[in-house]
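Participant: What follows is a structure written as structure tokens; I'll ask about it next.
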Amino acid sequence: MTIATLRSALPDWAKDLSLNLSTLTRATTLTEQQQWGTFLAAAAATRNESVLVQVAEEAREHLSEEARSAALGAASIMAMNNVAYRTRHFLGGDYDNERMGLRMNIIGSAGGVEKVDFELWSLAVSTINGCEKCINAHEATVRGEGLSTEQIWEAVRIASTLVGVAQAIGVVEALD
């Protein structure tokens, strides 16, 4: 399965999502690793098995095993962090100085890939999970590492499109 298979599974009412997928797979502002790592991390963050399986298969053609592992690691660690940090933010100032107390070693090691790539994937996942603090922190890091606004926005567009695709595929699967 591939992105093409995903696109063909989308119903007519989701044509915009299909077109966006096509456009984003041909976009060139990110490196190949950044682009496909973002696709893979975002696909994992959608929590839609069909989307993840299909994106993962195509990502194998573009990513090393180490990069695939790092992208999935970014999705997993940010699933935890986004809940914890978003909740800390929602609860207000009383919790700002509380130690998080959760292991996050993969962030320090960047999963064995360049820090900027891991942080970009973390930003994409945080976008999906809706954690403002994490989005801002990862955006500042990737900007500091030299990524442009256009490159960062491309990652956001990938994440956003995959969420829409996951929802559409979920609807199709539920109604079939």
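Participant: Roughly how many percent of the accessible protein surface of the chain is carbon and sulfur, given a 1.4 Å probe and a whole-percent answer?
Facilitator: Its accessible area is 50 percent carbon and sulfur atoms.
Participant: Taking only protein heavy atoms and a 1.4 Å probe, what accessible area per residue, in Å², does the chain have with all protein chains in place?
Facilitator: 51
Participant: Please compute the length gained on full extension between ALA79 and GLU65, using 0.36 nm multiplied by the number of residues separating them and subtracting their Cα-Cα distance.
Facilitator: 2.9 nm
Participant: So, taking all protein chains as they sit and a 1.4 Å probe, how much accessible area belongs to HIS62, in Å² rounded to tens?
Facilitator: The accessible area of HIS62 comes to roughly 50 Å².
Participant: Please list ARG103, ARG68, ARG86, ARG157 in order of solvent-accessible area, largest first, computed with a 1.4 Å probe with all protein chains present.
Facilitator: Heavy-atom accessible area, descending, gives ARG103, ARG157, ARG86, ARG68.
Participant: Which sequence of THR127, THR38, THR149 reflects their accessible areas, 1.4 Å probe, from the largest down?
Facilitator: THR149, THR127, THR38
Participant: With each run of n ≥ 4 DSSP H residues scored as -39500 (n - 2.57), what mean residue ellipticity at 222 nm is computed for the chain after dividing by its residue count and rounding to the nearest 500 deg cm²/dmol?
Facilitator: Helix-only estimate at 222 nm: -24500 deg cm²/dmol.
Participant: Please give the direction-averaged projected area of the C-alpha convex hull for the stretch 71-171, in square nanometres with one decimal.
Facilitator: Here the figure is 7.2 nm², rounded to one decimal.
Participant: Across bins of 5 angstrom width beginning at 0, how are the C-alpha pair distances of the stretch 24-70 distributed, in whole percent?
Facilitator: It works out to 5, 25, 34, 24, 11, 1, in whole percents.
Participant: Sorted by accessible area (1.4 Å probe), largest first, how do LEU17, LEU6 line up?
Facilitator: Ranked list, largest accessible area first: LEU17, LEU6.
Participant: Just to be sure I understand the model, the point goes 7 Å from the Cα along the line to the Cβ. What's the resulting ASN105 to ALA137 distance in nm?
Facilitator: Result: 1.9 nm between the two label points.
Participant: List the longest stretch of the chain that has no exposed loop site; here a site is one of the GluC sites (Glu not before Pro) assigned by DSSP to anything other than H, G, I, E or B, with at most 10 other Cβ within 10 Å.
Facilitator: The longest such stretch corresponds to 99-176.
Participant: What does a probe at LEU19 reach in the stretch 145-176, counting residues whose amide N is under 17 Å from the point 7 Å along Cα→Cβ?
Facilitator: Inside the label zone: 158, 161-162, 164-165.
Participant: Stick to Cα atoms and the Kirkwood definition of Rh, then tell me Rg/Rh for the chain.
Facilitator: Result: Rg/Rh = 0.98.
The values are calculated or read from the model by the stated rules, or taken from the named source; none is laboratory data. All values reported here derive from a predicted model rather than from experimental measurement. As a convention, Cβ positions derive from the backbone with ideal geometry for all residues, glycine included, and neighbour counts pool all protein chains shown. Keep in mind that these areas ignore ligands, DNA and RNA; they rest on the heavy atoms of the full protein, side chains included. Shrake-Rupley method; radii C 1.70, N 1.55, O 1.52, S 1.80 Å.
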